[in-house]
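For reference, the structure discussed in these notes is given below.
The values are calculated or read from the model by the stated rules, or taken from the named source; none is laboratory data. Small disclaimer: the values here were computed from a predicted structure and weren't measured. Backbone-built Cβ (ideal geometry, glycine too); neighbour counts: all protein chains shown.
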Amino acid sequence: MKFHRPYASAAFIAACLSSVPVHAQEDQSRPVELVSFDGVHKLNAAARQQVILTQMLEYTLVVDKTGRATDCRLSRKFRQKATTLSFCRPLMKYSKLKPARDARGQPIEGTYTAVIDFRMWMGPDGLEAAN
């Protein structure tokens with residue numbers, strides 16, 4: 001007499017499906033994404049104070065798994081730390097970010113890098129445009 005065990009078969013199939021190699025599953029990884037930035041007025045003020053309205057500045061934000069910026073690095077080194085802070089504080093405070101995700105779609109720490117072109121505040125005549 002042969003016994004049929006449907007539950008054993010179902011358990012075996014479930015075990016096989018759950019052990020599919022990661023490379024066969026869909027990769028859900030993605031980098032940090034900037035959702036919005038509401039601190040343009042603060043960056044403009046810092047750029048005016050440092051007289052760099054005709055320059056570009058690259059920055060990198062370190063972003064934790066919740067999407068909060070935890071560190072800021074600038075491509076340019078300033079003599080005074082206060083100058084670096086005058087740019088980094090608004091970048092960290094006013095950037096709304098989505099965290100990076102690993103291959104399984106889980107949030108992870110990551111970085112976001114972009115370039116600020118301060119010339120955007122200049123008029124065609126080379127003078128500061130009206131706000």
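For the stretch 31-49, which positions are buried (at least 17 other Cβ atoms within 10 Å of the Cβ) and not in a loop (DSSP other than H, G, I, E, B)? L43, N44, A46, A47, listed by residue number. Considering the stretch 54-127, the qualifying strands (runs of 3 or more DSSP E), each wholly inside and each with 1 or more residues that are at pLDDT below 95, run over 56-63, 110-117. In the condition set (1) in contact with a Leu (Cβ under 7 Å, 6 or more places away or on another chain); (2) on the phi > 0 side of the Ramachandran plot, V51 is compliant with all but (1).
Condition check ((1) hydrophobic (A, V, I, L, M, F, W, C); (2) loosely packed, with under 14 Cβ neighbours inside 10 Å) across all residues:
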| residue | (1), (2) |
| --- | --- |
| M56 | yes, yes |
| T60 | no, no |
| T66 | no, yes |
| A69 | yes, no |
| R79 | no, yes |
| L91 | yes, no |
| L97 | yes, no |
| G105 | no, yes |
